[in-house]
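All remarks here apply to the structure that follows.
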Amino acid sequence: MSLLTAPERKFTCEQYVPKPVEEVFAFFASEQNLERLTPPWLSFRVLGKSTPKIQAGTLIDYQLNLSGIPLKWKTRIELWEPQSRFVDNQLKGPYAKWHHTHLFKPHKNGTLVSDTVIYQLPLGRLGDFVAGWKVRRQVEEIFAYRRATIEEIFKA
C-alpha cells in the first residue's frame, strides 16, 4: 500500500431474525426496503435500477446526504444467490471503495443475517487520518439503526 492509498477498513455484524430465510431474503431483495433500513439523517433515496428485479449485474442509483453534503451513489450487484447471499459494490459514491457482502443462513428456526463491509476512504491516508474515526462511527450508527429497524419489522 502506498502513502496515497487509504487502508481498507472492515466492518462486520450479525443479527438473528426469527423468520425463515425465504421471508428475510425477500425483504432484502427489494432495493426500496433499503430506504427503511437507513437512518433518516442520511436522507437516503433510491433513484432507480437497471433491471426489473435485482440480479447479478443490476445497477442501482441512490442519493443521500452525508454530513450535510448531497451525494449520488451507484452500486452494482456483483453476486446474487437467492436465499443465501448477495454482494453490492460501489461504482460511484462517497467512498474510494465500498464492498458489502450480505449473508443469510438458516439458524434455530430463523435466519442469521451477516453483513461484512470492506470500505476505503477517498483522499488516501490523509482522508483516513482526518475522517476515519468519524466514518467508522457513522457506519456503526447506520448498522445500529438497521439492527433496530430489522428487529421491529421482523419481531415474532
(message) Can you tell me the orientation of helix 124-153 relative to the chain, as the angle in degrees between its alpha-carbon axis and the longest Cα principal axis, to the nearest 10?
(response) 20
(message) Please compute the contact order of the chain in relative form: average sequence separation of alpha-carbon pairs under 8 Å and at least six residues apart, divided by the residue count, as a percent.
(response) 30
(message) Let me check the size of the chain from its C-alpha atoms; what are the radius of gyration and Dmax in Å?
(response) 15.8, 50
(message) Let's see if you can work this out: charge +1 on each Lys and Arg Cβ, -1 on each Asp and Glu Cβ, no other charges. What is the dipole magnitude of the chain about its Cα centre, in debye to the nearest 20?
(response) 260
(request) Between Lys10 and Ser84, with labels modelled 7 Å along Cα→Cβ, what's the label distance in nm to one decimal, could you check? (result) 2.2
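Quick note: the coordinates plus some simple rules give every number you see, no bench work behind them. Values in this document were obtained by computation on a predicted structure and should not be read as measured data. We place every Cβ from the backbone using ideal geometry, glycine too, and count neighbours over all the protein chains shown.
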